[in-house]
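Below: one structure, written as structure tokens.
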Amino acid sequence: MFICVLDPVIAWRLSKIMTEPSEHRREIAVIGLACRFPGAQNPDQFWANLRDGVESISRFTDEELLASGISPEVFRQPNYVKAGGVLPGIDLFDAGFFGMSRREAEMTDPQQRIFLEVAWEGLENAGYDPQTYDGSIGVFAGSCISTYLLFNLVPEVSIVGSGEHFPTLIGNDKDYLATHVSYKLNLHGPSMNIQTACSTSLVAIHTACQSLLNGECDIAIAGGVAVSVPQQAGYFYQEGAYFSPDGSCRSFSADARGTVFSSGAGVVVLKRLEDALRDGDCIDAVVKGSAINNDGAAKVGFTAPSVEGQVRAISEALAISEVDPETIGYIEAHGTATPLGDPIEIAALSLAFSSQKLPSASCAIGSVKSNVGHLDSAAGVCGFIKTVLSLKHAQIPPSLHCSTPNPNIDFGRTPFYVNTELRSWPVKGRKRSAGVSSFGIGGTNAHVVLEEAPARMPAVAPGERSRSTYALPLSARSAEALRELAYAYRTRISNHTSSDDLRDLCYSASIRRAHHRPHRLCLVANSGPQLVQQLDAFLSGETVAGLFTCSPQRAGSGSTPRAGFVFSGQGAQWWAMGRELLTTSRGFAQTIEEIDALLRRHTNDWRLLAELTAGEEESRLDGA
């Protein structure tokens, strides 16, 4: 077990935790992810960019800056840097999907709109429909100041003092980010806004874990969002300040001189590990422990970081997690690339790990800010998602722009090295494990210890896994949305063609996804390639076998499609009828066994199971 030197308050807290019964030290499963980051609209695209070492910072032309309303007198100044992280499509929003009028959507900060969308996507990724889930779902999140309010809405003088004043406040104030999600998705767990500057979203994840462990909710959505407008706008560089002189974030590099800010949003869906295992959830990683604190006044200024504060947060998280530091193969660092911040962060990490006397270059570090810039309130969840994906893929992606390490950091006297290339992630102990740090201006520090997911257990009996027929139901609230959904499934199926993947995908679409009206599509196929062919036919407007659609036009103008079951009564019987279902479907077999037991009370020489499993010569199911 890891032991480190802690101050008396932390030691007292840990003593209480460690002496509680084991059921009160439960771990937290990460069961869902959703994100919108520069260059990536989902976790798969985000991972591809990380893996390939892509920097997703945009460089703006004078024409783009002019179109954004930036004056030539501003962007022609020599210290104006024409770069930033852009999140495309912030003006796009399906208001009707969330029960919002067009005017309500127009008066709502893109941060709230985007976070509402990623919260929904996160639950979809986790396989939970909030309308049918009978547990409690909480929301823990934070955002930045609404620049949309300042630059887009306030100039509309008609809002001030009008009836739209209060709705505009609700749609733009930080206080209503989490509760807006709870209201629109009908969630009943705790709904809390977290605001700790740059560490906001990692603190939100920590708070969500605590709420789960306290039994306040059964599932928690945690994350953050940061979207500034206008998006295509640069900034002024000042020597020794926070910003990068060239628009690149060079974490831990010799030429690190500052960061670049970006827009983005991310959420993770969390659940108590024992509950996730019981319910057969797909687990991406496990939160072993987390801690937060504040620097207090032990630093040179309010905006400065503190070695002591970071050491305490990291040490406490390690101790709570009971993870041996020797097994930690990666640290996702805060990594702002400032001359003051980077050396302090490595000094704090070194002190937190010092009691183990780990060998030099035994633990990789990196910072996602070198890929997408600093996402402010969403920075912590961005690094968290990166680390979860790294654990999932057993690879450590490169941290960019660090050909020569910062000379003010003596990496040779630490266990850490900056990982500058894609590496496979070897197992150093029982399992792969990692740490994630996030530190906010004002001194609120957060550190989370993650471990790779447990081995996945089969969700169904071996016989049922052999089923060769797949039914894939898809639905949406508009024809265009259904086409987009069909295309997304086509892409997914093309990349995952194993029978297990198809079975899980079809099961989730049938049982664990929300079903919408009025546009529906169902495919019945024997293989992945056949499903792809059917989806291609649907996207092309063609009709093929196994493809069934339903829309208001087909069902009749203004009517609501309804499903019906027809029981035809007496019909033809044949030998071996139901045999395949009996051997491949556990649910069908259990039901037949129950019926057989009931029928035994009324029959002497006839058994249902015997008839269904009899040979052709003995069977009385002969079509008569």
- Task: Considering only residues that are more than 22 Å from the chain's Cα centre (by Cα) and among the polar types (S, T, N, Q), look in region 376-404 and name the one that is nearest to ILE283 (Cα to Cα).
- Result: SER403
- Query: Out of all the residues in region 127-138, is one or more aromatic (Phe, Trp, Tyr), surrounded by 22 or more Cβ atoms within 10 Å (Cβ to Cβ) and either within 22 Å of SER191 (Cα to Cα) or modelled with pLDDT of 90 or more (or both)?
  - Reply: yes
- Query: Somewhere in region 281-297, is a residue out of contact with any strand residue (DSSP E or B) (no Cβ under 7 Å at 6 or more places or on another chain), in a helix (DSSP H, G or I), open to solvent by 10 Å² or more (accessible area, probe 1.4 Å) and more than 29 Å from GLU216 (Cα to Cα)?
  - Reply: no
- Message: Take the conditions surrounded by 15 or more Cβ atoms within 10 Å (Cβ to Cβ), touching a His at 6+ places or on another chain (Cβ under 9 Å) and modelled with pLDDT of 95 or more and apply them to GLU64. Does it pass?
- Response: no
- Task: Please specify each residue of region 67-111 satisfying the condition of being basic (Lys, Arg), under 30 Å from GLU480 (Cα atoms) and either touching a helix residue (DSSP H, G or I) at 6+ places or on another chain (Cβ under 8 Å) or open to solvent by less than 20 Å² (accessible area, probe 1.4 Å) (or both).
- Result: ARG102
- Of (1) touching a Lys or Arg at 6+ places or on another chain (Cβ under 8 Å); (2) open to solvent by 10 Å² or more (accessible area, probe 1.4 Å); (3) of a type in the set (A, V, I, L, M), VAL311 fails just (1)
- State yes or no: is GLN231 at pLDDT below 95, touching a strand residue (DSSP E or B) at 6+ places or on another chain (Cβ under 8 Å) and either of a type in the set (S, T, N, Q) or closer than 16 Å to ASP376 by Cα (or both)? yes
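Residue-by-condition table, conditions (1) of a type in the set (A, V, I, L, M); (2) under 30 Å from ALA126 (Cα atoms); (3) under 14 Å from the mean Cα position of the chain (by Cα):
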{"residue": "SER201", "(1), (2), (3)": "no, yes, yes"}
{"residue": "GLN210", "(1), (2), (3)": "no, yes, no"}
{"residue": "ASP218", "(1), (2), (3)": "no, yes, no"}
{"residue": "PHE236", "(1), (2), (3)": "no, no, no"}
{"residue": "SER248", "(1), (2), (3)": "no, no, no"}
{"residue": "ASP255", "(1), (2), (3)": "no, no, no"}
{"residue": "VAL260", "(1), (2), (3)": "yes, no, no"}
{"residue": "VAL286", "(1), (2), (3)": "yes, yes, yes"}
- Task: Select from region 420-440 the residues that are open to solvent by 30 Å² or more (accessible area, probe 1.4 Å) and part of a strand (DSSP E or B) and list them in ascending order.
- Result: ARG423, SER424
- Query: Quick one: would you say GLU464 is surrounded by fewer than 20 Cβ atoms within 10 Å (Cβ to Cβ), acidic (Asp, Glu) and at pLDDT 85 or above?
  - Reply: no
- Of VAL269, VAL227, VAL260, the only residue that is open to solvent by less than 10 Å² (accessible area, probe 1.4 Å), touching a Pro at 6+ places or on another chain (Cβ under 9 Å) and among the β-branched types (Val, Ile, Thr) is VAL227
- Test for TYR470: is it hydroxyl-bearing (Ser, Thr, Tyr), at pLDDT below 90, closer than 30 Å to VAL30 by Cα and buried (at least 17 other Cβ atoms within 10 Å of the Cβ): yes
- Among ALA222, ALA276, ALA233, the single one that is open to solvent by less than 50 Å² (accessible area, probe 1.4 Å) and in a helix (DSSP H, G or I) is ALA276
- Message: For region 71-88, give me each residue that is of a type in the set (D, E, K, R) and without any contact (Cβ under 8 Å) to a residue 40 or more places away in the chain.
- Response: GLU73, ARG76
- Item | Residues being out of contact with any Lys or Arg (no Cβ under 7 Å at 6 or more places or on another chain) and either open to solvent by 10 Å² or more (accessible area, probe 1.4 Å) or among the polar types (S, T, N, Q) (or both) - total across region 112-125 | 6
- Note on the structure: Filtering helices (runs of 4 or more DSSP H) wholly in region 317-404 for at least 2 residues that are acidic (Asp, Glu) and open to solvent by less than 10 Å² (accessible area, probe 1.4 Å) gives 341-353
- Message: Here's a check for you: in region 494-525, which residue that is open to solvent by less than 30 Å² (accessible area, probe 1.4 Å) and farther than 26 Å from PHE97 by Cα is modelled with the lowest pLDDT?
- Response: LEU502
- Query: Only one residue in GLY412, GLY373 is of a type outside the set (A, V, I, L, M, F, W, C) and under 20 Å from the mean Cα position of the chain (by Cα). Which one?
  - Reply: GLY373
- Task: Scan region 89-103 and report the pairs whose first residue is over 14 Å from PRO167 (Cβ atoms) and in contact (Cβ under 8 Å) with a residue 12 or more places away in the chain and whose second residue is part of a helix (DSSP H, G or I) and polar (S, T, N, Q), with Cβ atoms within less than 9 Å and a gap of 6+ or a chain change.
- Result: ILE90/GLN111
- For residues in region 405-419 being of a type in the set (A, V, I, L, M, F, W, C) and surrounded by 20 or more Cβ atoms within 10 Å (Cβ to Cβ), which is nearest to ASP324 (Cα to Cα)? PHE416
- Message: Given the criteria modelled with pLDDT of 95 or more, charged (D, E, K, R) and assigned to a strand (DSSP E or B), does GLU451 qualify?
- Response: yes
- Please enumerate the residues belonging to region 158-169 that are at pLDDT 80 or above and surrounded by 17 or more Cβ atoms within 10 Å (Cβ to Cβ). THR168
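The values are calculated or read from the model by the stated rules, or taken from the named source; none is laboratory data. All values reported here derive from a predicted model rather than from experimental measurement. Quick reminder, even Gly has a Cβ in these numbers, built from the backbone with ideal geometry, and neighbours come from all protein chains shown. Keep in mind that these areas ignore ligands, DNA and RNA; they rest on the heavy atoms of the full protein, side chains included. Shrake-Rupley method; radii C 1.70, N 1.55, O 1.52, S 1.80 Å.
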